[in-house]
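Before any comments, here is the structure.
The values are calculated or read from the model by the stated rules, or taken from the named source; none is laboratory data. Source: prediction; values computed, not measured. Heads up, the Cβs are rebuilt from the backbone with ideal geometry, glycines too, and the neighbour counts pull from every protein chain shown. Just the protein is used for accessible areas: all its heavy atoms, side chains included, with ligands, DNA and RNA removed. Shrake-Rupley method; radii C 1.70, N 1.55, O 1.52, S 1.80 Å.
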Amino acid sequence: MGGGVGAPDFFYKEAQRLGYVARSAFKLVQIQKQHKLIKPGSSVLDLGCAPGAWLQVACQSLGPLQNGGGFVLGVDLKKVKVPPLHCDSRVHTLSADVMTLPSHHLISLSPKQKGFSVILSDMCPSVSGITTKDAALSVELGMRAFNLAVGKASPVYADDDSSTGVLQVGGHLLIKLLESEDSKEIGQISKPFFTKSTWLRPKATRPSSREIYLICQGLKPHPKI
């Protein structure tokens with residue numbers, strides 16, 4: 001968990017002080033403060049969950065364990081250990097490739113097999129430094145998160161077995177993207193599906209980063225296909 005380029009910054013030091021496994025925790029902390037996507041009792045799917053900082057914030061957002069309810073599933077190519085701090089028995093991880101993971105498998109892992117009320121995608125391509133290439137890969141990951149959420153109602157749905165969306169009606173979707181013309185397009189594609197969609201660049205984003213988050217709130221009932 002390095003401080004990145006240059007000296008460790010404020011968010012890196014705060015993460016260490018508060019026991020978060022990465023400074024990226026503060027991105028979700030800010031999004032939660034402003035939009036309250038995760039509530040007590042939410043079922044949360046965290047795509048690209050390594051190293052686990054968002055699992056910690058998601059679990060905290062569910063409220064105390066003794067109040068019951070709530071579930072967090074983190075998925076990543078890497079095997080991710082559930083961080084011992086800020087997480088409890090409601091947090092689980094799965095090592096899998098989100099690009100090929102069938103939606104019915106994800107639904108089978110959700111509480112009562114009813115899908116998730118919140119999907120977080122912090123997936124990021126292995127950055128090559130080639131701006132257009134990185135942006136294109138980022139959009140591909142973002143579209144995968146969107147397609148998993150809404151299923152075959154998606155206008156850019158790939159005809160595989162992901163026919164059922166894993167996001168519950170009324171649920172929320174958060175997607176990290178690298179800013180580009182194509183990332184704006186995902187914003188346009190998602191608009192008809194949700195009651196509200198907004199863009200946010202969290203304060204904890206590094207100044208050199210082109211990261212931006214698309215926040216889609218309130219999935220509408222799907223039109224009949």
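For the reader, a short list of remarks on this structure follows.
- Residue among Ser138, Ser128, Ser89, Ser103 that is among the small types (Gly, Ala, Ser) and open to solvent by 60 Å² or more (accessible area, probe 1.4 Å): Ser89
- Total residues in segment 161-185, condition farther than 19 Å from Ser110 by Cβ and either more than 15 Å from the chain's Cα centre (by Cα) or of a type in the set (Phe, Trp, Tyr) (or both): 7
- Out of Lys196, Lys184, Lys203, Lys191, sole residue that is surrounded by fewer than 19 Cβ atoms within 10 Å (Cβ to Cβ), within 21 Å of Cys124 (Cα to Cα) and free of Cβ contacts under 8 Å to residues at least 40 places away in the same chain: Lys184
- Near pairs, Cβ below 7 angstrom, 6+ apart or cross-chain, from segment 128-147 (of a type in the set (A, V, I, L, M)) to any residue that is part of a helix (DSSP H, G or I): Ala135/Asp182; Ala135/Ser183; Ala136/Asp182; Val139/Asp182; Val139/Ser183; Val139/Ile186; Met143/Ile186
- Subset tally (residues that are of a type in the set (Val, Ile, Thr), in a helix (DSSP H, G or I) and open to solvent by less than 20 Å² (accessible area, probe 1.4 Å)) for segment 25-42: 1
- Residue identified as without any contact (Cβ under 8 Å) to a residue 60 or more places away in the chain, out of contact with any strand residue (DSSP E or B) (no Cβ under 9 Å at 6 or more places or on another chain) and not hydrophobic (A, V, I, L, M, F, W, C) among Pro102, Pro40: Pro40
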